[in-house]
Amino acid sequence: MPHAALTRPASDDAAELASLESLSPPRHDEHARQSFVASLRKHLMVDMAQRMRRHYDEQVAPAVAERAGHAPREAREVRRAMLGDPYFQAWSALRYSAQELTWWTVQPQVERALPALRETCRSLAAQRPAGGTLRLDPSTPIPKEVSALDIHLMPGCFHTEFAADDVAQGAVYTLGTAVFGGALKLRTRGGGVASSVARWLRTTRPAFAPARILDLGCTTGANTLPYLDVFPDAELHGVDIGAPLLRYAHARAEMLGRRVHYSQQNAESLDFADGSFDLVVSSFFLHEQSVRATAQILREAHRVLRPGGVMVHMELPPASETDPYYSFYLDWDAYYNNEPHYAAFRALDLRQAVCDAGFDAGRYFQTRIPNWGTVSEQQFEDCVLGRTPAPAHGNGASWFIFGAER
């Protein structure tokens with residue numbers, strides 16, 4: 001089947017631009033709407049957010065201190081102070097609308113291209129030019145964390161299927177996340193979580209050469225494939241609960257010539273043998289799970305790791321790492337973005353959670369690393385080796401990671 005070029009105008013990341021070529025480019029009005037929403041998000045998450053922080057520091061916090069004798073000391077106190085504030089109310093309403101618009105602006109593009117997109121994915125799954133595999137199990141129960149609500153306000157969440165061999169949710173997620181972060185323009189070259197974590201491993205553990213890598217909650221593979229750039233000889237696996245995401249991820253990897261083995265599984269109960277991986281990773285995954293599910297996922301990661309293997313999760317910074325205002329700011333998603341476990345995850349004692357999963361306390365780590373795409377190679381090395389401090393939290397300039405060695 002001939003393929004038309006895919007255009008994703010909201011993102012400048014060349015690695016992310018390569019995707020399923022059967023998806024038609026956005027039309028003029030779709031392009032305009034996507035660009036507007038990307039720019040609106042930039043205004044909200046950078047410009048307006050900075051002004052809201054100044055407003056809090058200069059007006060809200062002093063008013064609370066005058067009434068209570070002290071400024072807010074934790075996120076919940078900041079939230080109580082900000083809920084009735086007109087600036088926060090305006091910002092929050094706009095942010096919610098922008099989140100919904102993120103998905104709405106790409107849905108017409110996906111719906112128009114869906115027949116060709118499904119056929120292309122079927123063809124790539126049958127031909128497997130890169131040699132990857134896809135295992136789907138329709139009997140896999142969808143956990144309540146996913147089925148009960150549309151995470152990120154994305155209609156249909158990760159798992160909903162509307163037709164046989166459906167990939168619509170994979171396409172909506174991939175294109176929508178490009179709009180979501182497209183206007184921040186933080187990357188100077190291929191960056192992102194996986195590129196940063198893989199290079200952090202290579203820099204801090206030069207002898208570490210994982211033979212098998214497992215990505216938990218891989219969605220459509222944007223933070224799976226880059227591990228092959230650093231560890232090209234590794235056997236790479238990705239698991240997710242959403243079949244439409246995995247079909248899209250598999251076809252995208254095959255089109256890009258990347259051999260990845262995708263399977264539909266719940267990360268709480270993996271079907272891999274004990275000690276079968278050298279590296280287990282995840283990106284922006286655990287905060288969408290309940291505290292109970294997170295504990296079980298960490299236990300499974302410990303189980304499938306070989307002795308000497310490494311577990312690395314990129315996640316939201318815990319409340320213990322941030323000041324009360326920034327904790328309040330981060331926890332917005334817990335109240336308004338259908339991510340109800342967000343705040344509870346950030347309140348966890350991560351070291352204790354990892355130790356409870358079976359890891360030795362002396363092998364636990366947590367740190368902040370730069371986004372590989374925003375700094376030079378020398379700056380990245382200097383930072384991860386402790387010669388210079390890591391960038392502050394916020395807007396993808398750095399990533400908080402934690403984990404342990406087996």
(request) Test residue 165 against the criterion of being in a loop (DSSP other than H, G, I, E, B), open to solvent by 60 Å² or more (accessible area, probe 1.4 Å) and under 17 Å from residue 238 (Cβ atoms), and give yes or no. (result) no
(request) Please enumerate the residues belonging to region 134-171 that are of a type in the set (Gly, Ala, Ser) and at positive phi. (result) 156
(message) Between 108, 143, 62, 129, which is under 26 Å from the mean Cα position of the chain (by Cα) and loosely packed, with under 15 Cβ neighbours inside 10 Å?
(response) 108
(request) Find the residue count for region 10-34, including only residues that are open to solvent by less than 40 Å² (accessible area, probe 1.4 Å) and modelled with pLDDT under 90. (result) 10
(request) Take region 35-53 and flag every residue that is open to solvent by less than 20 Å² (accessible area, probe 1.4 Å) and over 14 Å from residue 92 (Cα atoms). (result) 37, 38
(request) Keeping to region 197-226, report how many residues are over 22 Å from residue 289 (Cβ atoms) and touching a residue at least 12 places away in the same chain (Cβ under 8 Å). (result) 15
(message) Cβ contacts < 9 Å: first residue at positive phi, restricted to region 376-392; second residue open to solvent by less than 40 Å² (accessible area, probe 1.4 Å), any location; separation 6+ or different chain. Result?
(response) none
(message) For region 359-406, give me each residue that is more than 30 Å from residue 42 (Cβ to Cβ), touching a helix residue (DSSP H, G or I) at 6+ places or on another chain (Cβ under 7 Å), among the hydrophobic types (A, V, I, L, M, F, W, C) and not in a loop (DSSP other than H, G, I, E, B).
(response) 361, 404
(request) Considering only residues that are in a loop (DSSP other than H, G, I, E, B) and among the small types (Gly, Ala, Ser), look in region 65-94 and name the one that is nearest to the chain's Cα centre (by Cα). (result) 84
(message) Filter region 124-147 down to the residues that are in a loop (DSSP other than H, G, I, E, B) and not β-branched (Val, Ile, Thr) and list them by number.
(response) 128, 129, 130, 131, 132, 136, 137, 138, 139, 141, 143
(message) When you check residue 188 against the structure, is it among the hydroxyl-bearing types (Ser, Thr, Tyr), open to solvent by 10 Å² or more (accessible area, probe 1.4 Å) and at pLDDT 95 or above, yes or no?
(response) no
(message) What are the pairs with Cβ atoms under 7 angstrom where one residue, in region 33-53, is under 17 Å from residue 332 (Cα atoms) and the other, located anywhere, is among the charged types (D, E, K, R) and part of a helix (DSSP H, G or I)? Sequence gap at least six, or different chains.
(response) 44/95
(message) Every residue in region 221-241 that is in contact with a Pro (Cβ under 9 Å, 6 or more places away or on another chain) and over 22 Å from residue 207 (Cβ atoms), please.
(response) 241
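The values are calculated or read from the model by the stated rules, or taken from the named source; none is laboratory data. Bear in mind the structure is a predicted one, so any value in this text is a computation, not a measurement. So basically every Cβ, Gly included, is an ideal-geometry build from the backbone, and we count neighbours across all protein chains shown. For accessibility, only protein heavy atoms count, side chains too; no ligands or nucleic acids. Shrake-Rupley method; radii C 1.70, N 1.55, O 1.52, S 1.80 Å.
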